[in-house]
Amino acid sequence: MTGFDATRRSAERELMDDDAVDFETFRGCLVDLARVNRLSLGYRPTLGFLERLRRTRQWPRDRAVKIMDVGCGYGDTLREIARWAKARDLRVELIGVDRNPWAARAAAAATPDKMPIAWRTADVFDVSPDADVVISALFTHHLGDEDVVRFVRWMEAGAALGWFVNDLRRSRVAYDGFKVLSGALRMHRFVRHDGPVSFARSFRADDWRRYTQLAGLAAGAAEVQSWTPFRLCVARLRER
Ligand SMILES: C[S@@+](CC[C@H](N)C(=O)[O-])C[C@H]1O[C@@H](n2cnc3c(N)ncnc32)[C@H](O)[C@@H]1O
């Protein structure tokens, strides 16, 4: 199915999910995705979640807090988190996981030496979920419905303090608007193609309520949050 349908998630493939893509093309796509993240204030929801977690008693003060970013791509979110932690004198251990080997290579090259972040190449479901906090950004819409539920279970099993999903809201306005904007800003051709497809593959709040329920979470255990512009996020803070 191609195009946009408000009533269901699209199954159209994204160009960046093709394993045959070469390094320069993949890296170019990630660089422009990072531009999109910055221009659309995409780090704000994730940093807001960490800030909220930091203010709770759960945040350990006597050791580094392990934060894993799944589908980390260019690693720009983890670099933002490294700056956020440094500004607050917090010790963090940062790990980026991405199934495409070009992601680790591009992310490592874009990361200053004094910013120690470990980059791993693996499919998320081949990694054991062992972290204090699991985050992801623009990742879950790459998965089919069953794998989104599996991913929620995976995070639930391994994220000791909580987890946060930062993704998109399925919206026709965003689908149409992104085509115009990404063309005007002369974004990478993959971003111009995959951006609208991503909005069509993305979620409504009800989808997330269903996924979290299917994953065995109690009603209200995870909070679905709408962020402007067109982000739909899911926050799970663990009770201790
Ligand atoms: C749209 S990019 C998002 C990159 C970055 N998080 C951002 O916000 O710009 C999605 C990333 O998820 C990765 N990915 C897709 N499926 C994956 C899987 N099963 N396990 C790990 N990474 C995956 C892709 O390789 C890609 O780098």
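Just so you know, all these numbers are worked out from the coordinates, no wet-lab data involved. In this text the structure is predicted, and so the values were computed from the model without any measurement. Here Cβ is always computed from backbone atoms with ideal geometry, including for glycine, and neighbour counts include all displayed protein chains.
Screening the candidates ALA11, ALA64, ALA82 for the property of being within 16 Å of the ligand (Cβ to nearest atom) and over 20 Å from PHE203 (Cα atoms) yields one hit, ALA82. Condition check: in a helix (DSSP H, G or I) and of a type in the set (S, T, N, Q). Does SER182 satisfy that? Answer is yes for this residue.
Entry remark, region 132-165: residues being more than 14 Å from the ligand (Cβ to nearest atom), assigned to a strand (DSSP E or B) and aliphatic (A, V, I, L, M) number 4 in total. Whenever a residue of region 85-108 is over 15 Å from ASP126 (Cβ atoms) and in contact (Cβ under 8 Å) with a residue 40 or more places away in the chain, its partners that are of a type in the set (Phe, Trp, Tyr) and surrounded by fewer than 16 Cβ atoms within 10 Å (Cβ to Cβ), lying with C-beta atoms within less than 6 angstrom and at least six residues away or across chains, give the pairs TRP102/PHE23. Of all residues in region 22-58, exactly one satisfies the criterion of being outside any helix (DSSP H, G or I) and touching a helix residue (DSSP H, G or I) at 6+ places or on another chain (Cβ under 6 Å), namely TYR43. In the set TRP84, TRP102, TRP119, only one residue is aromatic (Phe, Trp, Tyr), surrounded by fewer than 19 Cβ atoms within 10 Å (Cβ to Cβ) and more than 19 Å from LEU168 (Cβ to Cβ); that residue is TRP84. Please go through region 166-189 and pick out each residue that is under 15 Å from ASN37 (Cβ atoms) and out of contact with any Pro (no Cβ under 9 Å at 6 or more places or on another chain). Answer for region 166-189, where residues must be under 15 Å from ASN37 (Cβ atoms) and out of contact with any Pro (no Cβ under 9 Å at 6 or more places or on another chain): ASP167, LEU168, LEU181, LEU185, MET187, HIS188.
Take the conditions in contact with a strand residue (DSSP E or B) (Cβ under 6 Å, 6 or more places away or on another chain) and in a helix (DSSP H, G or I) and apply them to TRP208. Does it pass?
When the stated conditions are applied, TRP208 passes them.
Do we have any residue at all in region 114-122 that's small (Gly, Ala, Ser) and closer than 18 Å to ARG38 by Cβ?
No, every residue in region 114-122 fails to be small (Gly, Ala, Ser) and closer than 18 Å to ARG38 by Cβ.
Restricting to region 171-187, give me the number of residues that are surrounded by fewer than 16 Cβ atoms within 10 Å (Cβ to Cβ) and of a type outside the set (Gly, Ala, Ser).
Within region 171-187, residues that are surrounded by fewer than 16 Cβ atoms within 10 Å (Cβ to Cβ) and of a type outside the set (Gly, Ala, Ser) number 7.
So in region 97-131, with the set limited to residues that are of a type in the set (Asp, Glu) and not in a helix (DSSP H, G or I), which one is farthest from SER198 (Cα to Cα)?
Among those that are of a type in the set (Asp, Glu) and not in a helix (DSSP H, G or I), it is ASP113.
Looking across region 194-234, the residues that are buried (at least 21 other Cβ atoms within 10 Å of the Cβ) and more than 14 Å from SER171 (Cα to Cα) come down to ASP194, TRP208, TYR211, THR212, ALA222, CYS233, VAL234.
Which residues, counting only those in region 23-37, are touching a residue at least 12 places away in the same chain (Cβ under 8 Å) and more than 9 Å from the ligand (Cβ to nearest atom)? PHE23, THR25, ARG27, GLY28, VAL31, ASP32, ARG35, listed by residue number. Pairs linking a residue in region 136-152 that is of a type in the set (A, V, I, L, M, F, W, C) to a residue that is within 7 Å of the ligand (Cβ to nearest atom), with Cβ atoms under 6 Å and 6 or more positions apart or on different chains, are ALA137/THR77; PHE139/VAL70; PHE139/GLY71. Taking residues in region 1-15 that are surrounded by 11 or more Cβ atoms within 10 Å (Cβ to Cβ), and partners anywhere that are among the polar types (S, T, N, Q), the pairs with Cβ atoms closer than 6 Å and at least 6 places apart or on different chains are GLU12/THR2.
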